[in-house]
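The values are calculated or read from the model by the stated rules, or taken from the named source; none is laboratory data. Computed from a predicted model, the values in this text were never measured in an experiment. As a convention, Cβ positions derive from the backbone with ideal geometry for all residues, glycine included, and neighbour counts pool all protein chains shown.
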Amino acid sequence: MRLYRHQLKWEQLVFWRSRESAVFVFLFPLLLFTLLTAVYNGQIYGHPASWALLAGMLGYGAATTAFAGLALILVARREMGILKRIRSTPLPPATYLVAVLTSIMVVFALQAASLFVLGKLLKSTPWPHHVLSLVLSLALGAAAFAALGLALTGFIRSLEGSSAVVNIIVLPTAFLSGSFGSVAHYPKVLRAIGDVLPLKYLVDLINGIYLNGQEIWDKPRAVAVLAAWGILGMAVAIRKFRWEPREG
Amino acid sequence: MPAAAISVHGLRKSYGEYEALREISFEIAEGEVFGLLGPNGAGKTTTIEILEGYRSRDAGEVTVLGFDPERAGSAFRERIGVVLQQSQLWPTLTVTETHRMFAGYYDRPRDADEVIKLVGLEEKRDARVKTLSGGQKRRLDLGVALVGDPDLVFLDEPTTGFDPAARRAAWELIRSLRSLGKTILLTTHYLDEAEQLADRVAVLREGRIIREGTPAELTGGTNETEVRYRQDGHEVVVRTTEPTRLLQELTAAALAEGREVEGLQVRRPTLEDVYLSLTADEKG
Ligand SMILES: Nc1ncnc2c1ncn2[C@@H]1O[C@H](COP(=O)(O)OP(=O)(O)OP(=O)(O)O)[C@@H](O)[C@H]1O
Ligand SMILES: [Mg+2]
């Protein structure tokens, strides 16, 4: 427990100290939200566009922070030999990984809170009503994406290619899942692809809670799909995660 | 007779078809400084990383501080310090922060400031790691390896990239660790470093230990001298314990024939000579 707290503290310091992670991981969804609300007017799902975009951006934030951000951070550390170096210390590997995952969840929690504040300031979006359901949904989504991010590192061979790989997954996923607005007018094929992606279910869940006054337990299917993706991610991560650089 | 800190018997390791280690055996006593020498690809890093617990072995018995490194956990890692051949640390943290972070992993760490002074980075204590020079980064690796106050220190080419003054300082540091009773296993390509620091050395070639002993033993005892000269266009090398008599004969013969002894050199062989002749390809 002492080691966990020690590591979490240093993880936070390392994250905010690095300009790349602070800007690209933390600020990017906030920037995107600002841009999208500036160009979209009118209504989405029968609500002001900014409300739906806020909900979509929470889902996108979970994907880009807990999935993409985590994968990029861990691949960089692996290739630099930092993960290998850590393994020679008494810090248990599981404690280390749990601290790293918690740290990225903390970043996402701050990001989600900032999105609500930004929405309020820019577009007077309302505060959420069912806060507990929302927090549980975001935590579930972020945990599932973090597990998938951990699994993804096993498939990224080099630091140079890592951000390309990650973006090629995250950006289309976000489009197909309705992070940037309704997918109702998309072609059938694209919607069918979106229907198997975890982000779609997270966005649905958030929309239900934030826009339609539902609770997390009103959407058992979305919860089940997210949990299944998380478990899948964990199972793959256990097999594929590597501590040592690819070469040498 | 002090207990063995490390004992290795019949160690084998293959990477696919390639046999990197072919039956290696050696022991390192507690408090001993042991040097592992050998050309690129000889298997030094493979050996050291098996002992550190990073790599699995195919065969052989390995005991390090009473643990089997392949299965050992935190209790083992409390007692070892590691400098990897290649690794980086967080570029955005400072020297002091990096030491503090690692110190937090151990039950009884050394004081971070004290370690920073020990490795000669006190002027850089608040500098970000990314601004350090190559040699300074290496000193940081060394500091981080020592911050847990280990009993056994693994150093894989610890002084690569050091300037001559920094190398001397690192030697002093390693000697002071030795005087504290620490066991040290180091690999190096600098033969003078092995000669200066190591109580015993082993020379690896193609996955086998081809020579083992004190640096003095390897240079062929203390009283042998190497005499080289050219005769009929061929280089002749003679090792002798009686250089005076040999030289007398050589020069007398040359004087009698009224010629010079060509290319005459007289010197004590260094570890480097022995090393080069041992590791040279035995072709032709
Ligand atoms: N992970 C690996 N996969 C495949 N082959 C490897 C691996 N690691 C080492 N080898 C091979 O095993 C041999 C020994 O490598 P090792 O790194 O132990 O050499 P070394 O003595 O440390 O060399 P150097 O002085 O260059 O550091 C080399 O031929 C190397 O190519
Ligand atoms: Mg090596």
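Key figures for this structure:
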item	result
Condition met for A:Leu54 (among the aliphatic types (A, V, I, L, M) and more than 30 Å from B:Val153 (Cα to Cα))	yes
The listed residue being within 13 Å of ligand 1 (Cβ to nearest atom) and touching a residue at least 60 places away in the same chain (Cβ under 8 Å), out of B:Thr187, B:Thr183	B:Thr187
Residue within the stretch B:105-121 that is within 25 Å of A:Leu74 (Cα to Cα) and not hydroxyl-bearing (Ser, Thr, Tyr) present	no
Answer from B:Ala169, B:Ala202 - the residue that is within 14 Å of ligand 1 (Cβ to nearest atom), among the small types (Gly, Ala, Ser) and more than 14 Å from chain A (Cβ to nearest Cβ)	B:Ala202
Any chance B:Thr160 is at pLDDT 90 or above and under 17 Å from B:Val82 (Cα atoms)	no
Checking B:Leu93 against (1) under 21 Å from B:Leu177 (Cα atoms); (2) facing another protein chain (nearest Cβ under 9 Å); (3) crowded, with 20+ Cβ neighbours inside 10 Å, the condition it does not meet	(1)
Enumeration of residues in the stretch B:147-165 that are away from ligand 2 (no atom under 16 Å from the Cβ), touching a Lys or Arg at 6+ places or on another chain (Cβ under 7 Å) and of a type outside the set (Val, Ile, Thr)	B:Asp149, B:Pro150, B:Asp151, B:Leu152, B:Phe162
Residue check for A:Thr64: within 13 Å of chain B (Cβ to nearest Cβ), β-branched (Val, Ile, Thr) and part of a helix (DSSP H, G or I)	no
Elements of type helices (runs of 4 or more DSSP H) contained in the stretch A:153-211, each with 3 or more residues being touching a residue at least 40 places away in the same chain (Cβ under 8 Å)	A:159-176, A:198-210
Whichever residue in the stretch B:47-79 is hydroxyl-bearing (Ser, Thr, Tyr) and surrounded by fewer than 21 Cβ atoms within 10 Å (Cβ to Cβ) and, among such residues, is farthest from ligand 1 (Cβ to nearest atom)	B:Ser74
Identity of the residue in the stretch B:124-157, away from every other protein chain (no Cβ under 12 Å) and either within 16 Å of ligand 1 (Cβ to nearest atom) or of a type in the set (Ser, Thr, Tyr) (or both), that ends up nearest to B:Ser87 (Cα to Cα)	B:Arg138
Among residues of the stretch B:12-41, those that are within 16 Å of ligand 2 (Cβ to nearest atom) and either within 14 Å of another protein chain (Cβ to nearest Cβ) or touching a residue at least 24 places away in the same chain (Cβ under 8 Å) (or both), counted	13
Condition check for B:Lys44: within 14 Å of chain A (Cβ to nearest Cβ), crowded, with 18+ Cβ neighbours inside 10 Å and within 11 Å of ligand 1 (Cβ to nearest atom)	yes
Unique residue being over 19 Å from the mean Cα position of the chain (by Cα) and buried (at least 19 other Cβ atoms within 10 Å of the Cβ) when the list is A:Ala55, A:Ala38, A:Ala49	A:Ala49
